[in-house]
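Asker: Right, I'll just put the structure down here and ask away after.
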Amino acid sequence: MTFIDHGKWQPYTPATLPPGVPSGALFVRRESDGIDWYDYVKDGGNFSPDTVKFTALWHPTYQSYLVGAAVYDVTLLFPPNQLVREITDYAGSDPQADFGSKLYDPATDAFSDLPPFEPPVQREIRELRDRVAALEAKQGGA
């Protein structure tokens, strides 16, 4: 697949609101150059209509980016604290089913499935057992 990187977007508050914008409107701008998301989308030349666009948010539990929306219509996206990417040669029929809730590695443009869910208590018990086993092995066994 071929990807276009549209950057990472951060929330901000404009110094003055554009005319006609409700007071509770939310705004994001690209980290690299500060361009406003609405202006970037409204430009009309930054995204192709027949490509898949997706957002990905850093997820500390997985130490990876997690894909949220994957759509053809860029106006369905709003990317606070997220990466925005575009796939130019997607051949499937349902981008949300194919990419949504997948882990995404921006260094390799690879997608992967989420690991199986392990309740926090079970993970803590497993980690404690592993620590005890390591200590016992260090001490010569139980």
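Asker: Would you confirm, using the coordinates I've provided, whether Leu83 is within 18 Å of Trp9 (Cβ to Cβ) and surrounded by fewer than 12 Cβ atoms within 10 Å (Cβ to Cβ)? Reasoning before the result, please.
Answerer: Details: within 18 Å of Trp9 (Cβ to Cβ): yes; surrounded by fewer than 12 Cβ atoms within 10 Å (Cβ to Cβ): no.
No; evaluated as a whole, the condition is false for this residue.
Asker: Still on this model: Going through the range 14-55 one residue at a time, which ones are within 22 Å of the chain's Cα centre (by Cα), of a type in the set (Ser, Thr, Tyr) and either on the phi > 0 side of the Ramachandran plot or assigned to a loop (DSSP other than H, G, I, E, B) (or both)?
Answerer: Those that are within 22 Å of the chain's Cα centre (by Cα), of a type in the set (Ser, Thr, Tyr) and either on the phi > 0 side of the Ramachandran plot or assigned to a loop (DSSP other than H, G, I, E, B) (or both): Ser32, Ser48, Thr51.
Asker: If I ask for residues that are of a type in the set (Gly, Ala, Ser) and farther than 30 Å from Glu86 by Cβ, which ones from the range 109-135 would you list? Outline the logic, then answer.
Answerer: The initial filter retains those residues of the range 109-135 that are of a type in the set (Gly, Ala, Ser), namely 110, 112, 133-134.
Of everything in the range 109-135, those that are of a type in the set (Gly, Ala, Ser) and farther than 30 Å from Glu86 by Cβ turn out to be Ala133, Ala134.
Asker: Right, next: In the range 77-100, what residues are in contact (Cβ under 8 Å) with a residue 24 or more places away in the chain and of a type in the set (D, E, K, R)?
Answerer: Within the range 77-100, Arg85, Glu86, Asp89, Asp98 qualify.
Asker: On to the next question. Residues in the range 1-10: is at least one surrounded by fewer than 17 Cβ atoms within 10 Å (Cβ to Cβ) and either at pLDDT below 95 or in a loop (DSSP other than H, G, I, E, B) (or both)?
Answerer: Yes, the range 1-10 contains at least one residue that is surrounded by fewer than 17 Cβ atoms within 10 Å (Cβ to Cβ) and either at pLDDT below 95 or in a loop (DSSP other than H, G, I, E, B) (or both).
Asker: Give me the strands (runs of 3 or more DSSP E) completely within the range 56-142, filtered to those with at least 1 residues that are modelled with pLDDT of 95 or more and aromatic (Phe, Trp, Tyr), ordered by residue number. Give the derivation first.
Answerer: Numbers: elements: 64-71, 82-87, 103-105, 110-112.
Result: 64-71, 103-105, 110-112.
Asker: Filter the range 91-108 down to the residues that are surrounded by 10 or more Cβ atoms within 10 Å (Cβ to Cβ) and aliphatic (A, V, I, L, M) and list them by number.
Answerer: Scanning the range 91-108 gives Ala97, Leu103.
Asker: If you check Val74, Val67, which single one turns out to be without any contact (Cβ under 8 Å) to a residue 60 or more places away in the chain and either closer than 30 Å to Pro120 by Cβ or surrounded by fewer than 17 Cβ atoms within 10 Å (Cβ to Cβ) (or both)?
Answerer: On the way: Val74 fails: either closer than 30 Å to Pro120 by Cβ or surrounded by fewer than 17 Cβ atoms within 10 Å (Cβ to Cβ) (or both).
Among Val74, Val67, only Val67 is without any contact (Cβ under 8 Å) to a residue 60 or more places away in the chain and either closer than 30 Å to Pro120 by Cβ or surrounded by fewer than 17 Cβ atoms within 10 Å (Cβ to Cβ) (or both).
Asker: Can you tell me which condition Lys138 does not meet? The list is (1) closer than 30 Å to Leu76 by Cβ; (2) exposed (fewer than 10 other Cβ atoms within 10 Å of the Cβ); (3) basic (Lys, Arg), and all the others hold.
Answerer: Failing condition for Lys138: (1).
Asker: Could you list, in sequence order, all residues of the range 97-120 that are polar (S, T, N, Q) and closer than 23 Å to Val28 by Cα?
Answerer: If the condition is that a residue be polar (S, T, N, Q) and closer than 23 Å to Val28 by Cα, then Ser101 is the only one that fits.
The values are calculated or read from the model by the stated rules, or taken from the named source; none is laboratory data. Note that the structure is a prediction, hence the values are computed from the model and not measured. Cβ atoms come from the backbone with ideal geometry, glycine included; neighbour counts cover every protein chain shown.
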